[in-house]
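Accompanying notes for the structure given below.
The values are calculated or read from the model by the stated rules, or taken from the named source; none is laboratory data. Note that the coordinates shown come from a computational prediction; the quantities given were computed from them, not determined experimentally. Reconstructed Cβ throughout: ideal geometry from the backbone, glycine too, with neighbour counts over all protein chains shown.
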Amino acid sequence: MSTDFKVKKINRTAAVHNLGCKANAYESEAMISMLRDAGYEIVPFSQRADVYVINTCTVTNTADRKSRQMIHRARHLNPDAVVVAAGCYVQTHQEQIIQDQDVDIVIGTNEKSHLIELLESKLPRAFISDISKEAAYDELPAHMTQERCRAFLKIQDGCNQFCSYCVIPLARGRIRSRKPADVLAEARLLAQAGYKEIVLTGIHLCSYGIDFIDRHSQKKNNMDLLIQLIKEMASIDGLSRIRLGSLEPGIMSEKVISQLAMIPQVCPHFHLSLQSGCDATLKRMNRHYSTTDFERVCALLRSYYHEPTLTTDVIVGFPGETEAEFQETYRFLERIRFYHTHIFKYSRRDGTRAAAMTDQVPEKIKTERSHVLNSLDRSMNDFYRKKFAGNTVEVLLEERADNHSEMECWIGHTDGYLKVEVYGSGFRENELITGVIGKEIHMID
């Protein structure tokens, strides 16, 4: 890590590059806001800047490599710049990152609120706490996002699940929830600024509020607190949509689903993390549900909502995954029929139990299985699109497309997060319109 740097006091420019999840994206937007408030002009990362901030990710080996690449790219763009490495890769590779001469400042996952102080040299240039002992949520300033229609709102950090393949608890620590008053204050600011949709995000969203509950109390579970927070958000003037981030299927009971269905602002779009459609594999993964549990949740959502959009994640090539187990996953996905499945090849992460498991699956087999599931995903997506033809939907218009024709074409998303294009005239950005799929509204990739 370099120890000799200065940031010019006038005409200062800064660039921020985000890697990874929606929570990281929220934090990057917050750091952009902090830099702007401190007098920096924000420029694209590809341009020469006085300060480069890389908000890193470590969820896979590929994420690690991209994090390192962006750090070194920043130094190449301006050898005299201050290069700041922050986030999950920094947290889990502290010794390596501190030794990297291309890095001037390192910031852990729970210290991003101190960015400006670190730039002004009021704190040590390596600020990384013991994340396993952190109990306080790192409150970042309320901010506007780069998008003008949809805003992400982080309400929680950390994860207590310790899935056997996942390094995130080592990078993000234990559950830390944001105070409801702070969440609602930022939601009101976003609504007043004109945002019609807010996406609630976190590292393990369904764990929101666990750290608020007295362990001896039997009166509430944490999902009561999350539902109450969503109800209060729904009462905010001007806020038309509340979209939920990734959800844990084991916590989605009928009580929870029925309460969500009574809040009209909640979007009928549910991302349920599956990871495998084979019970034996789920057990090795330390996932806390069975395929039967998962299927029951999907059936409940489809009983309380008309044609909800269900999406999921699947890992192929987990240690010990046999061809028979893979075929179980294939048949399960075929039966559930998700709108979209994010498919990942298992990535061996140091410090996790899965890394030490025998029967690691060869990379060639992982790639083959990934291709098979991607093909299935495309066919299920086509099935879903045909199913929606003729349906009346509400669309949030997000940007005007350059279609080189006299008729206006706008791109937007339905409440179920189907990407569509709308033809017409007199529309405005951030407007909610209603139409029929197959007529004035067309689904696109």
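Values for this structure:
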{"read-out": "Residue match in the stretch 360-369 (condition: surrounded by fewer than 18 Cβ atoms within 10 Å (Cβ to Cβ), at pLDDT 90 or above, in contact with a Pro (Cβ under 7 Å, 6 or more places away or on another chain) and not aliphatic (A, V, I, L, M))", "value": "yes"}
{"read-out": "Cβ pairs under 8 Å, 6+ apart, first in the stretch 55-80 and on the phi > 0 side of the Ramachandran plot and at pLDDT 95 or above, second of a type in the set (Asp, Glu) and outside any helix (DSSP H, G or I)", "value": "none"}
{"read-out": "First in the stretch 117-130 and among the aliphatic types (A, V, I, L, M), second anywhere and at pLDDT below 80, Cβ under 9 Å, 6 or more apart", "value": "118/124; 119/7; 126/1"}
{"read-out": "Strands (runs of 3 or more DSSP E) fully within the stretch 371-438 counting 3 or more residues that are under 20 Å from residue 191 (Cα atoms) and under 25 Å from the mean Cα position of the chain (by Cα)", "value": "392-400, 408-414"}
{"read-out": "Number of the exception - residue 322 against (1) of a type in the set (Val, Ile, Thr); (2) touching a residue at least 12 places away in the same chain (Cβ under 8 Å); (3) surrounded by fewer than 17 Cβ atoms within 10 Å (Cβ to Cβ)", "value": "(2)"}
{"read-out": "Selection status of residue 378, at pLDDT 95 or above, within 29 Å of residue 442 (Cα to Cα) and not assigned by TED's automatic domain parsing to the domain that holds residue 61", "value": "yes"}
{"read-out": "Verdict on residue 22 being modelled with pLDDT under 95, charged (D, E, K, R), within 27 Å of the chain's Cα centre (by Cα) and under 18 Å from residue 171 (Cβ atoms)", "value": "yes"}
{"read-out": "For residue 152: the one exception among (1) in a loop (DSSP other than H, G, I, E, B); (2) within 26 Å of residue 70 (Cα to Cα)", "value": "(1)"}
{"read-out": "Residue count, the stretch 337-361 (criterion: in a helix (DSSP H, G or I) and in contact with a Ser or Thr (Cβ under 8 Å, 6 or more places away or on another chain))", "value": "1"}
{"read-out": "Check on residue 281, within 13 Å of residue 165 (Cα to Cα) and in a helix (DSSP H, G or I)", "value": "yes"}
{"read-out": "Considering residues of the stretch 272-291 that are in contact (Cβ under 8 Å) with a residue 12 or more places away in the chain and of a type in the set (Ser, Thr, Tyr) only, the residue farthest from residue 261 (Cα to Cα)", "value": "281"}
{"read-out": "Residues (in contact with a Phe, Trp or Tyr (Cβ under 8 Å, 6 or more places away or on another chain) and either more than 25 Å from residue 199 (Cα to Cα) or surrounded by fewer than 16 Cβ atoms within 10 Å (Cβ to Cβ) (or both)) located in the stretch 381-408", "value": "399, 400, 401, 407, 408"}
{"read-out": "Test for residue 276: is it under 23 Å from residue 328 (Cβ atoms) and small (Gly, Ala, Ser)", "value": "yes"}
{"read-out": "Single residue of the stretch 233-258 satisfying the filter (among the charged types (D, E, K, R) and touching a helix residue (DSSP H, G or I) at 6+ places or on another chain (Cβ under 6 Å)) that is surrounded by the most Cβ atoms within 10 Å (Cβ to Cβ)", "value": "248"}
{"read-out": "Qualifying residue in the stretch 237-245 (condition: under 28 Å from residue 173 (Cα atoms), under 21 Å from the mean Cα position of the chain (by Cα) and part of a helix (DSSP H, G or I))", "value": "no"}
{"read-out": "Residues (touching a Lys or Arg at 6+ places or on another chain (Cβ under 8 Å), in a helix (DSSP H, G or I) and crowded, with 19+ Cβ neighbours inside 10 Å) located in the stretch 109-144", "value": "118, 131"}
{"read-out": "Yes/no for residue 75 being charged (D, E, K, R), within 24 Å of residue 121 (Cα to Cα) and touching a strand residue (DSSP E or B) at 6+ places or on another chain (Cβ under 6 Å)", "value": "yes"}
{"read-out": "Residue list for the stretch 171-186, filter: touching a Phe, Trp or Tyr at 6+ places or on another chain (Cβ under 9 Å) and of a type in the set (Gly, Ala, Ser)", "value": "171, 177"}
{"read-out": "Residue selected from the stretch 415-425 under the condition without any contact (Cβ under 8 Å) to a residue 40 or more places away in the chain and surrounded by 13 or more Cβ atoms within 10 Å (Cβ to Cβ), by the criterion farthest from residue 445 (Cα to Cα)", "value": "424"}
{"read-out": "Subset of the stretch 155-207 that is closer than 23 Å to residue 268 by Cα, of a type in the set (Gly, Ala, Ser) and not in a loop (DSSP other than H, G, I, E, B) - its residue that is nearest to the chain's Cα centre (by Cα)", "value": "202"}
{"read-out": "Selected residue [assigned to a helix (DSSP H, G or I) and crowded, with 21+ Cβ neighbours inside 10 Å] from 297, 314", "value": "297"}
{"read-out": "Pairs with Cβ under 7 Å, 6+ apart, first in the stretch 184-203 and aromatic (Phe, Trp, Tyr), second outside any strand (DSSP E or B)", "value": "195/149"}
